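Let me begin by presenting the structure, written as structure tokens, before commenting on it.
Quick note: the coordinates plus some simple rules give every number you see, no bench work behind them. Everything numeric in this text was worked out from a predicted model, so none of it was measured. FYI the Cβ positions are ideal-geometry reconstructions off the backbone, even for glycines, and counts take in every protein chain you see.
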Amino acid sequence: MQYRREIDGLRAIAVLPVIMFHAGITAFRGGYVGVDVFFVISGYLITGIILNDLQQGRFSILRFYERRARRILPALFLVVLACIPFAWMWMPPQHYKDFSQSVVAVSVFASNILFYREGGYFDLAANEKPLLHTWSLAVEEQYYLIFPILLFILWRYGRNRAFFGITALALLSLALSEWGWRT
């Protein structure tokens, strides 16, 4: 897929409300919307890469996972390793166990599940979780794990069926999120 400058512009716009929200600027209480924009951009780009490889008959799930790992893991592990000494210095000892659990969850891309079970992102205790921000990366990695396999399977049934299958799943996801929001 060729480079698209407008996508970088959209990323720049999307990051602003996220930064302002985390800076505590009350006018940007909905800063999380920027994260949704990042999810859409990522889904668009990854789908384009996979479709291009499928159309050319050169898609490899292992090569896809290898490229994702080379791109994401070094920075992720650097962040985790950088947080460990600071957590030990500033956290009270009774929080070490929770922090250790979050390190494990981050390492297996399940931090979103762990943090969801522990409480809300906006809870007062959220600022005591140095790796809380990794929830969005976990969601993205879970998408990377499932979506390429799903698209590959659907593609084997033809381009049109793949399109309608993905569209149906997107609509189902939207309906379930709307239902979950209201209940």
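Data table
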quantity: Burial ranking of peptide ranges 86-96, 103-113, 129-139 (average Cβ count within 10 Å, highest at the top); calculated: 129-139, 103-113, 86-96
quantity: Sites excluded, trypsin sites (Lys or Arg not before Pro) in DSSP loops with at most 10 other C-beta within 10 Å, longest stretch of the chain; calculated: 59-155
quantity: P(r), alpha carbons of region 57-161 - 10 Å bins starting at zero, rounded %; calculated: 13, 38, 26, 15, 7, 1
quantity: Against the rule of thumb 2.2 N^0.38 Å, how large the Cα Rg of region 5-182 comes out; calculated: 1.17
quantity: Summed side-chain charge close to MET91 - residues other than MET91 whose Cβ falls under 11 Å, Lys, Arg +1, Asp, Glu -1; calculated: 0
quantity: Cα centroid of region 95-121 to Cα centroid of region 1-59, whole Å; calculated: 24
quantity: Relative contact order computed over the chain (Cα-Cα under 8 Å; 6+ residues apart), in percent; calculated: 15
quantity: Shape of region 4-101, Cα gyration tensor, a/c cut at 1.5; calculated: oblate
